[in-house]
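Here's the structure, in structure tokens; my notes come after.
The values are calculated or read from the model by the stated rules, or taken from the named source; none is laboratory data. Here the structure is a predicted model, which is why all the values come from computation and not from measurement. Using ideal geometry, Cβ is built from the backbone for each residue, glycine included, and neighbour counts are taken over all protein chains shown.
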Amino acid sequence: MGTALVYHEDMTAARLLWEDPECEIECPQRLTAALEGLQQRGLEQRCLRLVAREASEAELGLVHSPEYVALLRGTQALGTQELQALSGQYDAVYFHPRTFHCARLAVGAALQLVDAVMTGAVRNGLALVRPPGHHSQRAAANGFCVFNSVAIAARHAKQKHGLHRFVPVWLQRVPCPSVVPELSVCRVLIVDWDVHHGQGTQYIFEDDPSVLYFSWHRYEHRRFWPYLRESDADAVGQGQGLGFTVNLPWNQVLAPHPRPPPRAPHPAHIPLPEPPLLPRPTWPCLQFDPELVLVSAGFDSAIGDPEGQMQATPECFAHLTQLLQVLADGRVCAVLEGGYHLESLSQSVCMMVQALLGDPAPPLSGPMVPHGSALESIQSVRAAQAPYWMSLQQQGAAPVLSPSTCSPEGKPSPLLPWGPEFKAAATQTMAALSSLLDKLCLNPTPPVRTAVALTAPDAALVLPPGVLCQERSALPEEMQAWARPHKALAQDKALTALGKVLYLLDRLLDGQVSSGIAATPAPATAATLDVAIRCGLSHGAQRLLCVAVGQLDRPPDLTDDGRNLWLNIGGKEAAAPSTFHVCVPLPGVSGGVMRARPLALNCPSWGNCGCICPSEIGSFQPDLVLVALGPAHGLRDPQAALLTALLRGPAGGRVLALIDEESTPQLVGVLARVLHGEAPPSLGPFSMASPEDMQALMRLRGPLEPQWKMLQVAGEAGVGVVRLRVSA
Ligand SMILES: [Zn+2]
């Protein structure tokens, strides 16, 4: 299962034939720059190349009116003056005699990609197209967009690949009598991360509950194009589609960094996008349980872009892509929308394709402090959507009546100037970023992406191609030195397992292996984890995150020096909790009966994908992650896989998973696949966290928030707490 790249060079044929400063940025070089970037980094060669076909007029008719299609067909025969006159009838649009052909290819590319993904020929892919599509409406071109490729792709997916996997549990969501059972057809999530609101797509699906449209965009209280009231957080769809339009508007944009970061050129110091640019494609998305994810992948929010004037660095798009890959069994189809700074666009596209190919995303860096205005926007979305989504009901957000970005009289604060100074600062930052990224590219990726070290061979274990079965072990004297303080490691079997763990850990730290899984006898798990933490910290890890699930206690004499963050889920309450020692006991599942535990993760730096794990991970920025499934961890394989997949985010994919040697080969296989970049299996029907668990998390959050600012993103009730699934 690979990644498709759909393209046709004819899509560079349309161009602006007259002077128009507004439209000139939508130029053919956008595609060639992106493609050259992919070729230079060897990414194009790793994809399945598909030559785009033209969409048929019947396919265009899935969204557009016959009159509009006929009008566009007619543009092929028009002269320049007539084209200019016709273009003037629309907002920010230009036509060229080849526009009809290009726009049909753009739609065809999106359809081919959907077909390739839905038939299982590839796991995911990118359609590299122009003109863009998300502003285009049933009978109108708008904002450089002619045909709405993503909207047509969504209708096509429903029509041609409609699935009936199960009646989704979200039908049991909040009282919404208008929702009817036939909605068990194909559910499509459209995530629109272009800096502009895709109003065209919103209009097309606003009353359709089988398509969840989730857009985040620059808004500034309606002073950013397209200046629409319906781009705000309280536009939630209509009729049967209530709650299936989610708009997250950014009302304040921060000035770009005036100069390159002082500690350059280490890649870890790449300037950070302002936190508002890292939204969480979250809340309702997991509950919606899409069968296909379409991305309106605009890169005009990327750093240096003259349209967006925002600061998302390229690796942000790798993280966003990774986040979406945990949905819909990884069926993600991205279609290019905006993006007008050629270098920034090219680098962002490369990062996205790397993530689609399963490569770990480079770590994010910089201060992880959410902007007040962004928190207000998130709260407004929660308040507006809560009536429609069970997953938001326990969070209790009130709408923001007096946004901080408005004066007491309700007038929005002034827009940032886009003058020469602003441009110079953006260009300077971009130049610094460019040289940093070049260095990042030169850093060799580890030769082995995933290695598995078992205590004994298992014939039933099926590993994906490219996963290494590691037999080697650390030197006996090293093993014995580390094992000496631990009784549990005295036995030969435990010591042998420890030797393999230590060897694997060293390969992770010296850059030979990206991620790994190691098995240990159950009674030795805590001691092995203790050794792995100490060994990791003494052999080069600067900040180590340990996620221990189940009955595992933090090593008692571990130094609380800020270099290690211990997070225990489902164990005992911490006797002496601190900001680096967090225990989430989850009382709602206690009681002695062995049940699948709810997994609680809310990871703001790379999104609270519906589970709860301390948001603080986002602020901690580890360079090594240890995840241990200890006694009574209670996770089902898909839950363990989701947890592990999410933990690939913060440390550039450097994850060591420690499991009990009695674990099934299925668990080992599924963890190996997610560490190797594949999507975790579906979690199945959605269910909520228990009130007890919610309360436990709320209590936990208060003392932590002053240190871990990203917790604020989780909303009023400490949240993102979702019980993924509880099976009896
Ligand atoms: Zn845009």
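To keep it simple, each residue is scored yes or no on (1) in a helix (DSSP H, G or I); (2) over 19 Å from VAL584 (Cβ atoms); (3) modelled with pLDDT under 85; (4) basic (Lys, Arg).
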{"residue": "ALA632", "(1), (2), (3), (4)": "no, no, no, no"}
{"residue": "LEU635", "(1), (2), (3), (4)": "no, no, no, no"}
{"residue": "ALA641", "(1), (2), (3), (4)": "yes, yes, no, no"}
{"residue": "ARG648", "(1), (2), (3), (4)": "no, yes, no, yes"}
{"residue": "VAL670", "(1), (2), (3), (4)": "yes, yes, no, no"}
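Here is a yes/no grid of residues against (1) among the hydroxyl-bearing types (Ser, Thr, Tyr); (2) modelled with pLDDT of 95 or more; (3) in contact with a helix residue (DSSP H, G or I) (Cβ under 8 Å, 6 or more places away or on another chain):
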{"residue": "ARG123", "(1), (2), (3)": "no, yes, yes"}
{"residue": "HIS135", "(1), (2), (3)": "no, yes, yes"}
{"residue": "ALA139", "(1), (2), (3)": "no, yes, yes"}
{"residue": "VAL146", "(1), (2), (3)": "no, yes, yes"}
{"residue": "SER149", "(1), (2), (3)": "yes, yes, yes"}
{"residue": "LYS160", "(1), (2), (3)": "no, no, yes"}
{"residue": "LEU163", "(1), (2), (3)": "no, no, no"}
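Selection within the stretch 311-324: residues that are in a helix (DSSP H, G or I) and over 10 Å from the mean Cα position of the chain (by Cα). The member of this set that is farthest from the ligand (Cβ to nearest atom) is GLU315.
So that you can scan it fast, the table gives a plain yes or no per residue for (1) more than 30 Å from THR119 (Cβ to Cβ); (2) surrounded by fewer than 20 Cβ atoms within 10 Å (Cβ to Cβ):
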{"residue": "THR32", "(1), (2)": "no, yes"}
{"residue": "LEU43", "(1), (2)": "no, no"}
{"residue": "ARG49", "(1), (2)": "no, yes"}
{"residue": "ALA55", "(1), (2)": "no, no"}
{"residue": "GLU67", "(1), (2)": "yes, yes"}
{"residue": "LEU71", "(1), (2)": "yes, yes"}
{"residue": "GLN76", "(1), (2)": "yes, yes"}
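For SER514, are the conditions met, namely being within 27 Å of PRO363 (Cβ to Cβ) and touching a Gly at 6+ places or on another chain (Cβ under 6 Å)? Yes; evaluated as a whole, the condition is true for this residue. The residues of the stretch 325-347 that are of a type outside the set (Ser, Thr, Tyr), closer than 18 Å to LEU43 by Cα and either more than 16 Å from the ligand (Cβ to nearest atom) or surrounded by fewer than 24 Cβ atoms within 10 Å (Cβ to Cβ) (or both), listed by number, are VAL332, CYS333, LEU342, GLU343, GLN347.
Of all residues in the stretch 208-232, those satisfying the criterion of being more than 12 Å from the ligand (Cβ to nearest atom), in a loop (DSSP other than H, G, I, E, B) and modelled with pLDDT of 95 or more are TYR227, LEU228, ASP232. Here PRO464, PRO387 are screened, and the one residue that is surrounded by fewer than 19 Cβ atoms within 10 Å (Cβ to Cβ), outside the structural domain of MET310 (by the TED database), farther than 25 Å from PRO306 by Cα and at pLDDT 80 or above is PRO464. Under the condition of being within 16 Å of the ligand (Cβ to nearest atom) and farther than 18 Å from ASP192 by Cβ, the residues counted in the stretch 109-140 number 0. Here is a list: GLY308, GLY298. Which entry is within 16 Å of the ligand (Cβ to nearest atom), more than 30 Å from THR119 (Cα to Cα), touching an Asp or Glu at 6+ places or on another chain (Cβ under 8 Å) and at pLDDT 85 or above? Sole residue among the options that is within 16 Å of the ligand (Cβ to nearest atom), more than 30 Å from THR119 (Cα to Cα), touching an Asp or Glu at 6+ places or on another chain (Cβ under 8 Å) and at pLDDT 85 or above: GLY308. Of ASP561, ASP557, all but one fail to be more than 33 Å from the chain's Cα centre (by Cα), more than 29 Å from GLU678 (Cβ to Cβ), assigned to a loop (DSSP other than H, G, I, E, B) and not assigned by the TED database to the domain that holds PRO363; the exception is ASP557. Each residue in the stretch 348-367 was checked for being under 20 Å from MET11 (Cα atoms) and more than 16 Å from the ligand (Cβ to nearest atom), and 2 pass. Looking across ARG98, ARG138, ARG130, one residue alone is touching a residue at least 40 places away in the same chain (Cβ under 8 Å), basic (Lys, Arg) and touching a Cys at 6+ places or on another chain (Cβ under 7 Å). It is ARG130.
When SER380 is tested against (1) surrounded by fewer than 24 Cβ atoms within 10 Å (Cβ to Cβ); (2) over 20 Å from GLY198 (Cα atoms), just one condition goes unmet, and that condition is (2).
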